[in-house]
Amino acid sequence: MASVVDICNGALNQLGASTILSLTEDSKNARLCNARFTQVRDSIFRSHPWNCLQKRVQLAADTDTPAWGFTKQYTLPADCLRLLTILDYDSDYKVEGRKILTDNSSLKILYIGRIEDPNEYDELLRETLSAALAADIAYAITSSNPLTANMYNLLRDKLREARFVDSTEGQNTQPDKGMADVMDASTFINSRF
């Protein structure tokens with residue numbers, strides 16, 4: 001069973017620092033981990049369309065409508081960190097704040113959710129989170145610029161490996177199964193406008 005404390009201790013181990021028993025204990029390391037973990041986690045979550053964090057939902061239209069430009073608006077789910085796509089990917093839409101503006105009368109979306117249970121994360125994502133946290137708190141714990149630089153290099157390597165493995169795991173190329181993960185020419189051209 002993985003926990004946030006395990007991820008934090010992974011970061012602290014990489015720094016050669018004392019591990020913690022909980023995020024609320026009275027120690028510098030626990031306070032730093034407690035203060036930075038959520039922001040670092042959410043930043044890593046937004047950086048890639050992680051398979052283990054993807055959610056599909058159908059949204060209900062808001063009763064309010066945009067002042068101009070679109071006829072409907074939908075509120076993003078509270079746990080949405082990044083909208084990946086809408087089912088009708090040829091439709092025009094725009095994300096403004098926590099709203100999706102579109103002319104669609106119904107909206108199915110795929111998004112990255114803020115999943116807080118580390119047991120739901122891929123093992124390489126947990127390792128990447130430890131490396132990201134280590135890089136983030138390295139200077140505060142060690143006061144060492146070279147070690148901090150090493151932690152950022154480690155993070156870059158872990159992130160590259162985790163993204164590669166995640167990206168090559170399963171591929172939906174059949175549009176009738178939901179949403180295709182393959183970008184065709186029209187999607188590329190439409191994105192330019």
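Laid out as a table, the results:
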| quantity | calculated |
| --- | --- |
| Estimated FRET transfer efficiency (Met1, Thr24; beta-carbon r; R0 25 Å; 0.05) | 0.85 |
| Cβ-isolated cysteines (cut-off 4.7 Å), the chain | Cys52, Cys80 |
| Unit charges on C-beta of K, R, D, E only; dipole of the chain, Debye | 440 debye |
| Taking N as its residue count, the alpha carbon Rg of the chain over 2.2 N^0.38 Å | 1.22 |
| Two-decimal log10 I(q)/I(0) for region 82-137, as the Debye equation yields it once each C-alpha is a single scatterer, q = 0.14 Å⁻¹ | -0.59 |
| Using alpha carbons only: equivalent-ellipsoid semi-axes of region 55-121, gyration tensor based, whole Å | 24, 12, 9 |
| Cα-based Rg of region 10-84 normalised by 2.2 N^0.38 Å, two decimals | 1.69 |
| Euclidean distance between Cα centres, region 1-53 to region 122-174, Å | 12 Å |
| Karplus-derived HN-Hα couplings along region 19-29 (A = 6.51, B = -1.76, C = 1.60, θ = phi - 60°), whole Hz, x at Gly and Pro | 7, 10, 9, 7, 6, 9, 5, 8, 8, 4, 4 |
| Protein accessible area in region 88-171, 1.4 Å probe - carbon and sulfur % | 45 percent |
| Principal-axis tilt of helix 123-142 within the chain, Cα atoms, nearest 10 degrees | 50 degrees |
| Sum of -39500 (n - 2.57) over DSSP H runs of 4+, divided by residues of the chain (222 nm, nearest 500) | -14000 deg cm²/dmol |
| Accessible area (Å², 1.4 Å probe, nearest 10) - Asp62 | 40 Å² |
| Spatially proximal lysines relative to Lys72 (Cα-Cα < 24 Å; intrachain offsets below 8 disregarded) | Lys55, Lys94, Lys99, Lys108 |
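The values are calculated or read from the model by the stated rules, or taken from the named source; none is laboratory data. This structure is a prediction, so every number in the text was calculated from the model and none was measured. Using ideal geometry, Cβ is built from the backbone for each residue, glycine included, and neighbour counts are taken over all protein chains shown. For the accessible areas, the whole protein counts, side chains as well, though only heavy atoms, and no ligand, DNA or RNA atoms are used. Shrake-Rupley method; radii C 1.70, N 1.55, O 1.52, S 1.80 Å.
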